[in-house]
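**Student:** Before I ask anything, let me first share the structure, which is written out below as structure tokens.
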Amino acid sequence: RQWQVIHNRGTITDADCKRFQLCRARRRSTLLSSARKWNMVLPVAKKATRCECCTTRFCIVVAVILQCLLLLLAVLLDHGDIYPESFDGGTLSLVTTTINAIPGGAGVTQEPPKSGATCSSSGSLLFGECFCHPGFRGEDCSQAHEVMTWKHQRKDEHAANFEQYATLFLQGPTTTTSDNGQTFGDMIEFGAGPVTKSLDVFETIKRKPKTIALLEPMAESYMKTVNECRYKNGTLDNIKTTIFPHTAEKLVTSQKYDTVMLIDFIDHVHVQDVFPIYNIAFDVLKPGGLVIFHERYWPGHIKTETMTKSREFDLNPIRLSQQFAHWMATEFELLYENEHPESTGNLGYYWIGRKHKVPMAHLVDKLRGRMDAHAKQLADNGWAESAVWGNIYSDHSFEQPREYMSYVRNSHVKTICEIGFEGGHSTVAYMTANPNATIYSFDNFGNPKLNRIAYDILKKEKPDIYLQRGDSKSELPKFSAARPDVMCDIISVGGAHPDVDLTNFKYLANYPNIVLVDDYHAKDWKPVVRGVANRGKEGSMKLRHVTKGSVVLPNKQKQWAIGEYTLLTVVCATISLERLGPLNQTIVAATQHPVVQQVIIIWNGPNMPDEVAQLAQHPNKSARVTVIQKDVNTLNNRYDPNLPIHTGAVMIIDDDNIVTKETIDCAFANWKKDQSRLYSFGGGRIATAETYDMAPMRHDPARINFLLPRMVFHRKFLSLYFHKDYQKLRDYVDSQEGHCDDIAFASIVTKYTGKPMVYVKAKYTDLIKPGLTSHKNRVELRLKCTRDIIAMLNWTLPRVDRVAC
């Protein structure tokens with residue numbers, strides 16, 4: 001740190017020389033040791049411009065030599081260092097920034113330190129000097145800035161990049177009563193700061209933990225001096241709170257936690273403490289426990305940042321490498337994942353995951369043994385090294401299969417579908433990670449002898465492996481038509497035509513799903529990148545992250561990507577042949593939309609006409625149409641959780657509505673931003689115990705609290721509506737004449753989420769065919785059932801929110 005002050009100042013004084021002489025022997029070995037152990041890239045010194053002491057020349061020579069040696073050592077050690085403690089292996093390079101020219105930097109002014117002050121007024125005490133932003137002065141400025149940043153800018157930024165933390169909400173228990181802390185259980189937040197990040201999450205998803213522990217070294221100071229400290233009275237939001245006012249490495253507790261929050265705290269710790277702190281956080285988390293994680297990293301290993309315009313880089317110099325960030329995440333079942341480019345040039349990595357019970361090191365060791373045995377059998381049959389080990393083990397590296405296995409082992413995975421079997425190399429990894437999963441492989445048999453030998457070897461070990469011979473462009477649609485019962489939890493794509501394969505696999509993707517994309521590189525494998533980009537552009541796929549391996553092939557960099565399909569199912573119930581006209585128009589629009597996987601038509605009654613049965617169609621560059629007959633005519637049928645829905649998003653519409661591509665675009669795009677909400681583009685109503693107003697859009701839009709069922713929502717809400725505790729309510733819906741299934745469903749969902757419906761101004765056509773709408777007592781019927789539903793649930797629908805397309 002003292003050398004950095006010298007670099008920034010550009011001069012060396014007698015005092016600097018004396019300090020350097022005293023600390024040189026003691027610190028040099030420590031720095032070298034740290035660089036060796038943590039594989040750290042140190043900032044490069046700026047050349048001094050003036051000399052002011054007799055030993056200046058000596059100081060400069062030693063400083064330059066020392067800096068060069070450290071940097072060279074870090075570069076030499078950058079690949080392949082193994083961290084020997086809790087985590088089992090991987091490259092652990094850190095990236096630091098060169099803190100330079102802070103005084104006078106853009107947006108930053110220098111203010112002399114005050115006597116006894118700790119430097120504030122939206123600034124920071126850095127290397128003995130106080131730097132405050134223009135317009136901020138006073139002893140509490142730095143924490144005022146932190147409070148302002150986290151309560152506004154970072155709060156909204158993180159909520160958007162975590163998609164409003166909907167995953168936490170949706171993975172929680174489906175209960176008709178209070179959550180009672182079940183979503184988070186006992187929780188600890190590392191690096192809470194004065195305002196915490198956890199409270200923002202609680203407020204967003206309307207859930208709280210049973211208990212909360214806040215680990216924050218400055219906690220006592222914040223509670224005394226920062227007015228907006230959220231735990232100033234010793235508790236956070238009336239939750240049972242434990243405060244650890246010390247650094248993480250001093251945490252000594254037998255407590256194990258259900259949830260650990262690790263958001264933006266690594267860049268505030270000493271570099272030598274980074275990995276021990278991760279060990280501590282990992283150890284205090286229960287197996288199966290949740291982690292909410294965000295840090296920023298550089299895509300490459302070695303980089304020294306010399307930006308002078310960013311306060312963030314100046315004051316938060318530590319960055320994880322991309323390899324380590326992805327490598328650490330393999331210890332978790334990632335329920336949510338988002339890699340977000342930031343304006344400053346680095347990447348924000350956001351994820352929510354459950355801790356695996358078995359460390360990845362065990363699976364990797366097991367895979368090594370199995371691959372050795374598999375390779376030996378292939379070699380015994382006369383195959384060369386390249387064929388024996390295959391693409392994902394390039395240069396005998398286990399980086400790619402390790403990451404692939406971390407997804408394949410996830411609890412929901414039952415079926416794996418892959419393009420390209422070749423010598424069975426990736427199949428061995430999948431078998432190792434998840435021995436109970438069924439595997440379907442598609443291969444054009446470009447090397448038929450190798451394909452047959454490898455398949456025979458693996459089939460003896462695992463009978464539920466199936467190999468389909470032929471071009472995947474034609475074989476996938478055939479398979480989808482012949483086996484509607486097979487939906488893929490893991491989809492592995494490689495080969496010659498990824499764009500077509502990624503389109504066809506949309507109709508085989510289960511929910512949730514993971515897409516493993518091999519050979520993802522914009523320069524060397526353009527068709528692969530283009531295929532993923534096309535699916536992303538149409539809205540059917542989300543790219544979770546891209547990993548650059550350490551292996552460099554001849555003229556190519558080994559790289560792969562992780563993605564997921566985000567798709568929609570449209571559900572419509574009918575009992576009238578007179579409505580087949582508008583229904584057909586909706587089917588055409590929906591099946592041609594790239595985000596729609598399936599359209600489900602429910603015939604509500606016996607004796608389904610042939611005209612309705614003939615609406616069914618197999619997917620072939622368009623969505624599947626499934627026709628289902630229900631013997632009992634009830635509108636509750638369209639909320640049945642046992643419908644064959646394999647997507648996260650569900651759209652329910654009436655049979656006299658006509659939707660277009662633009663309707664689906666708008667509604668689905670908004671749903672993806674926050675999947676915990678109930679969206680509708682239907683007409684607004686006022687539905688209270690006092691009134692049921694059918695025309696508030698014209699005369700009282702501010703009071704609207706209910707929207708007609710042209711709804712988009714997460715499929716979890718179907719199970720919620722069919723919860724056994726709501727059987728009496730569903731029976732009531734079947735018995736009354738007001739067709740109030742929509743009010744009942746909206747009331748149950750909004751009570752569960754604590755959030756109102758959301759009006760999406762998407763255009764559609766409502767033909768208003770003869771039915772309940774034309775009933776002369778419609779208002780009275782709807783008002784009566786609204787009152788009854790309010791009484792049953794003890795809940796009145798809150799006023800709706802609005803979003804634009």
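**Student:** Heavy atoms of the protein only, probe of 1.4 Å, neighbouring chains included. What is the accessible area of CYS805 in Å², nearest 10?
**Tutor:** Result for CYS805: roughly 100 Å² accessible.
**Student:** Taking H placed 1.01 Å from N in the peptide plane, check which residues at least 5 places from TYR257 or on another chain put their amide H under 5 Å from its amide H.
**Tutor:** Those qualifying (amide H under 5 Å, at least 5 residues apart or on another chain) are LEU285, LYS286.
**Student:** If ligands, DNA and RNA are left out, what is the accessible area of TRP603 with a 1.4 Å probe, given in Å² to the nearest 10?
**Tutor:** The value for TRP603 is about 20 Å².
**Student:** Let me ask something else about it. Trypsin sites (Lys or Arg not before Pro), restricted to segment 649-685: which are DSSP loop and have at most 11 other Cβ atoms within 10 Å?
**Tutor:** Answer by residue number: there is no such site.
**Student:** Could you tell me which of the pairs LYS537/LYS724; LYS366/LYS473; LYS208/LYS672; LYS240/LYS728; LYS155/LYS761 are separated by over 29 angstrom between their Cα atoms in the structure shown?
**Tutor:** LYS537/LYS724; LYS366/LYS473; LYS240/LYS728
**Student:** Sort 608-618, 409-419, 501-511 for me by packing, meaning the mean count of neighbouring Cβ atoms within 10 Å per residue, highest on top.
**Tutor:** Most protected by this proxy first, the peptides run 501-511, 409-419, 608-618.
**Student:** Moving to a separate point now. Output wanted: per-residue J couplings in Hz (rounded whole) for segment 646-653, from phi through Karplus 6.51 cos²θ - 1.76 cosθ + 1.60, θ = phi - 60°, x for Gly and Pro.
**Tutor:** Karplus values, whole Hz, x for Gly and Pro: 10, 10, x, 9, 10, 10, 10, 9.
**Student:** With +1 on each Lys and Arg Cβ and -1 on each Asp and Glu Cβ, how big is the dipole of segment 583-663 about its Cα centre, in debye rounded to the nearest 20?
**Tutor:** Taking the Cα centre of segment 583-663 as origin, the dipole is about 340 debye.
**Student:** Can you find, among PRO756, LEU767, ALA744, the residue farthest towards the positive end of the dipole of segment 706-791? Put +1 on the C-beta of Lys and Arg, -1 on that of Asp and Glu.
**Tutor:** The residue sitting farthest along the positive end of the dipole is PRO756.
**Student:** Tell me whether segment 168-295 comes out rounded, prolate or oblate; compute the Cα gyration tensor, take square roots of the eigenvalues as a ≥ b ≥ c, and use a/c under 1.5 as the rounded threshold.
**Tutor:** Here segment 168-295 falls in the oblate category.
**Student:** Further question on the same structure: Ranked highest first by the average count of other Cβ atoms within 10 Å around their residues, in what order do 159-172, 327-340 fall?
**Tutor:** Ranking the peptides 159-172, 327-340 by packing returns 327-340, 159-172.
**Student:** Now a separate question. Using a 1.4 Å probe and ignoring any ligands, DNA or RNA, find the accessible area of PHE265 and quote it in Å² to the nearest 10.
**Tutor:** 10 Å²
**Student:** Sticking with this one: Pop out the ³J(HN,Hα) list for segment 710-719 in order, Karplus 6.51 cos²θ - 1.76 cosθ + 1.60 with θ = phi - 60°, rounded to Hz; leave Gly and Pro as x.
**Tutor:** 10, 10, 10, 7, 7, 5, 4, 5, 5, 5
**Student:** Summing Lys, Arg as +1 and Asp, Glu as -1, what charge do residues with Cβ under 14 Å from the Cβ of ILE457 carry, ILE457 excluded?
**Tutor:** Spelling it out: positives minus negatives among the neighbours equals +2.
**Student:** List the GluC sites (Glu not before Pro) within segment 189-282 that fall in a DSSP loop (any state other than H, G, I, E or B) and whose Cβ has at most 15 other Cβ atoms within 10 Å.
**Tutor:** GLU228
**Student:** Here's something else I'd like to know. Per-residue HN-Hα couplings for segment 591-602, Karplus 6.51 cos²θ - 1.76 cosθ + 1.60 at θ = phi - 60°, whole Hz, x for Gly and Pro?
**Tutor:** Running phi through 6.51 cos²θ - 1.76 cosθ + 1.60 with θ = phi - 60° gives 5, 7, 7, x, 9, 8, 8, 7, 10, 10, 9, 9 Hz.
**Student:** Leaving ligands, DNA and RNA out of it, report the carbon-plus-sulfur percent of the accessible area of segment 579-632 at a 1.4 Å probe.
**Tutor:** Reported share for carbon and sulfur atoms: 48 percent.
**Student:** For the ranges 458-471, 631-644, what's the packing order if you count other beta-carbon atoms within 10 Å of each residue, average per peptide, and put the highest first?
**Tutor:** Most protected by this proxy first, the peptides run 631-644, 458-471.
The values are calculated or read from the model by the stated rules, or taken from the named source; none is laboratory data. These numbers come from a predicted model, not from an experiment. As a convention, Cβ positions derive from the backbone with ideal geometry for all residues, glycine included, and neighbour counts pool all protein chains shown. We work out accessible area using only protein heavy atoms, side chains counted, and drop any ligands, DNA or RNA first. Shrake-Rupley method; radii C 1.70, N 1.55, O 1.52, S 1.80 Å.
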